[in-house]
Amino acid sequence: MPSSPAMAVVTHSAALCVGAAAMTVLLHRHSSPMMPSTTDGSTAAANDDVISQKETKQGIIPNSHSECFNNMLPTLPIRLSQPNDNLLIAFDTRNRNPTFVMERINNKKHGGAAATEQEAPPSRKNKRFFEDKAIPEHHRSRNHHYRNSGYDRGHLAPAADFKTDSEVQDSFSLSNISPQLPRFNRTMWLRVEEFVRSVAEHEEKVKGDSSEGVETWVVTGPLWLPSSTVGKDKFQYSFEAIGHPPSLIHVPTHFFKVVVVVSPIANDESGPTFQLKKFAAFVLPHSESDEKSNRLRLVDCIVRLTDLEAVAGLEFFPTLLGSQKDGSGDDIPLHKEVADALTDDIRAHAKNNQLLLEDGNAKLGENGTPMPRGGAGISKRRQKKIKQLLRGDSPPLFQHLCKKNNACFKYL
């Protein structure tokens, strides 16, 4: 399978509850965990009270002016919904794909494992893909868009991750779906999903008190990355779309998954506080090539967290990994630098890594030149601290999922 040049670019406290991280990413003006629902079941407008106060050189716009702006604002293109306690979906009405979906695995207290409710895993039998009626018809993904398109309706939060029949049914909402090539959906993507479930199951079975309450959280989404260069610092995008104009579903060029394993360290009236144990970020090229000479291992698909955030426009698990909105200016939070260092350490020990971007110098692909890695260099002080965390007498604060995990080195 030919490697895409764009792949090189992507080389908590209580707020960790399902909605909080998503709201922090997309709607930082809203501090509540979830958007309220309207009486007709649709997601409340994300722009309510967006301009309640606005700082200007002269001071703050009076509330009367803010109210005027609020009444005139268009709706935002990201629609949030939470079908159940273990799934949150952010759907983009512009490209009719999820911006991301977030799922929680192994939460027995809130129905994640549901062992007492249903011993056998729920079946996909008789489950049907359905349209999200909370989204206007001309903005939502529709079943007929996929008819004779040559693309599968690919789950971003897979049905097999859920333990109750109702949760499995929720996963068949088209708001949780992106168009995927059949072979990709049924082989490479399936194996990544199986890897994530194996991680969750393993962490749940770890012996000792530290395993109590361990949860695996996953954020999954599509990406559109450039396919070639057209000049100095110029890049060209190329992707298909399906449907009927003007309502088209964009076909992603890549897909990502960010996985974290956390354990609770405290629980008070404001909710649980979690400690990060393990993490990984993956990006897969959306291709169904089966050329053995270009087969990928999962370790070939790990990427730096900050690179993925740059191309996705998201900050992942900000209460665990830090955020650049916290007043730190342009400095990358230490936990993210450690995450990147752990990723580079894994990749440095993986031979034939096809997706590397080393020291800002990209390995060129067949179809063009990848984008350079963004961001300023790490200061010597931070380099020293990261080295101490990774190589010192005490273990790092958290580990990479592919550390001593043979599953990462198997071909997809």
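Worth a mention:
- Carbon plus sulfur fraction of accessible area for the stretch 143-270, probe 1.4 Å, in percent: 47 percent
- Residue-by-residue Karplus 3J(HN,Hα) for the stretch 89-95, coefficients 6.51, -1.76, 1.60, Hz, glycine and proline x: 10, 10, 10, 9, 6, 6, 10
- Label-to-label distance, nm, for residues given as S198 and H244 (7 Å Cα→Cβ offset): 4.4 nm
- For the stretch 188-250, with +1 on Lys and Arg beta carbons and -1 on Asp and Glu, the positive-most of V199, I242, M188 along the dipole: I242
- Cut-off under 5 Å, modelled amide H: who pairs with S173 long-range: F130
- Computed extension length for A348-E131: 73.7 nm, one decimal, from 0.36 nm per residue of separation with the Cα-Cα distance subtracted.
- Filter on K234/K404; K133/K205; K127/K257; K325/K387; K278/K410; K127/K410 - keep pairs with C-alpha separation over 29 Å: K234/K404; K133/K205; K127/K410
- Accessible area per residue, Å², the stretch 139-275 with all protein chains present, probe 1.4 Å: 44 Å²
The values are calculated or read from the model by the stated rules, or taken from the named source; none is laboratory data. Quick caveat: nothing in here was measured; it's all calculated off a predicted structure. All Cβ positions, even for glycine, are placed from backbone atoms using ideal geometry, and neighbour counts span all protein chains on display. Heavy atoms of the whole protein, side chains included, go into the accessibility calculation; ligands, DNA and RNA do not. Shrake-Rupley method; radii C 1.70, N 1.55, O 1.52, S 1.80 Å.
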